[in-house]
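Asker: Sharing a structure, written as C-alpha cells. Questions coming.
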C-alpha cells in the first residue's frame, strides 16, 4: 500500500500524559499536513511541512503541541500534558507541491485520540 | 465565523433521488476541492476545480465552481446508498500553503 499511513489508529490515554502520533506520507510527496477533526466539524489546520521545514503553524495551536519532520519523510505530532479537549481525530495528509499549490490533499486514515 | 459555509448540514433522502449541496464563502479561492469522508476514515479527494464557472462530472456527481470563485455546488443524480457519507469542501486562498475546510454535509441515502 503506497498511501498515507498513520499510527496508532487509536490511542486512549489519561489526562496529563504525553502522546505521539506518526505519519508516513506518500513517498514522492514533499508537503505534509496535520489537521484535527472533532465530531460534526470539518478538519482544522494545525501545521504543515515542506520537506523538513515547518512552514506554518496554526495560531490556535497550544504550546503543548509540537510536530517534526526531521528528514523530510515521516512526521511525528506530539501532544504533551493531554487534556480532555484534545480528544479528536488527528489527520495527516500529503501532497506534491508543484508550480502552483492546487490544494489537493491525500489523507491517511487518521489517529483517534481519547483523553480520559 | 466559518470561512466556508456548507449547506445543508444534514440531508436524508431515498435511493434514486437527486440532490445538491452547497459550499459558500465571501473569499475568493484559487482552487477548491470536494472530499468524501466515511466514519472513522480520512477524507478522500473527489475533485479539484480552479477556473470560475468550471463544471466537472464524475459519473453521477457534477461539481460546479462559481464564476467569482467564491462558491461551489455538488449535484448527485440518482443517489445510491453507497453515496452516504460526509461531503467536505475545502479551498486555497491565493498562494496560501494550506487548505481551509467547511464543516461538511452529512448525506444519508436510504435504500
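Asker: In the stretch A:75-100, what residues are part of a loop (DSSP other than H, G, I, E, B) and under 12 Å from residue A:50 (Cα atoms)?
Answerer: So the first thing to find is which residues in the stretch A:75-100 are part of a loop (DSSP other than H, G, I, E, B), and the list is A:80-83, A:87, A:96-100.
Correct list: A:96, A:97, A:98.
Asker: State whether the residues of the stretch B:66-79 include one that is more than 29 Å from residue A:34 (Cα to Cα) and touching a residue at least 60 places away in the same chain (Cβ under 8 Å). Write out each step before concluding.
Answerer: If we filter the stretch B:66-79 for residues that are more than 29 Å from residue A:34 (Cα to Cα), which is where we start, we get B:67-68, B:75-79.
With the extra rule that they be touching a residue at least 60 places away in the same chain (Cβ under 8 Å), the set shrinks to B:78-79.
Among the residues of the stretch B:66-79, at least one is more than 29 Å from residue A:34 (Cα to Cα) and touching a residue at least 60 places away in the same chain (Cβ under 8 Å), which makes the answer yes.
Asker: For residues that are out of contact with any strand residue (DSSP E or B) (no Cβ under 6 Å at 6 or more places or on another chain) and buried (at least 16 other Cβ atoms within 10 Å of the Cβ), scanning just the stretch B:14-54, find the one that is farthest from the other protein chains (Cβ to nearest Cβ).
Answerer: Among those that are out of contact with any strand residue (DSSP E or B) (no Cβ under 6 Å at 6 or more places or on another chain) and buried (at least 16 other Cβ atoms within 10 Å of the Cβ), it is B:25.
Asker: I've got another one for you. Taking the residues in the stretch A:84-102 that are over 16 Å from the mean Cα position of the chain (by Cα) and within 7 Å of chain B (Cβ to nearest Cβ) as candidates, determine which candidate is modelled with the lowest pLDDT.
Answerer: Filtering the stretch A:84-102 for residues that are over 16 Å from the mean Cα position of the chain (by Cα) and within 7 Å of chain B (Cβ to nearest Cβ), the one modelled with the lowest pLDDT comes out as A:101.
Asker: Within the stretch B:1-44, considering only strands (runs of 3 or more DSSP E) that don't extend past its boundaries, which have at least 2 residues that are under 16 Å from residue A:45 (Cβ atoms)? Walk me through it before giving the result.
Answerer: Working: elements: B:5-7, B:10-14, B:19-24, B:31-37.
It comes to B:31-37.
Asker: Something else about it: Quick check on my filter: what residues within the stretch A:10-48 are assigned to a loop (DSSP other than H, G, I, E, B), surrounded by fewer than 21 Cβ atoms within 10 Å (Cβ to Cβ) and within 9 Å of another protein chain (Cβ to nearest Cβ)?
Answerer: Step one: filter the stretch A:10-48 for residues assigned to a loop (DSSP other than H, G, I, E, B), giving A:14-18, A:25-30, A:38-43.
From what is left, the residues that are surrounded by fewer than 21 Cβ atoms within 10 Å (Cβ to Cβ) are A:14-18, A:26-30, A:38-41.
Answer for the stretch A:10-48, where residues must be assigned to a loop (DSSP other than H, G, I, E, B), surrounded by fewer than 21 Cβ atoms within 10 Å (Cβ to Cβ) and within 9 Å of another protein chain (Cβ to nearest Cβ): A:40, A:41.
The values are calculated or read from the model by the stated rules, or taken from the named source; none is laboratory data. For clarity, every value in this text was computed on a predicted model and none was experimentally measured. Here Cβ is always computed from backbone atoms with ideal geometry, including for glycine, and neighbour counts include all displayed protein chains.
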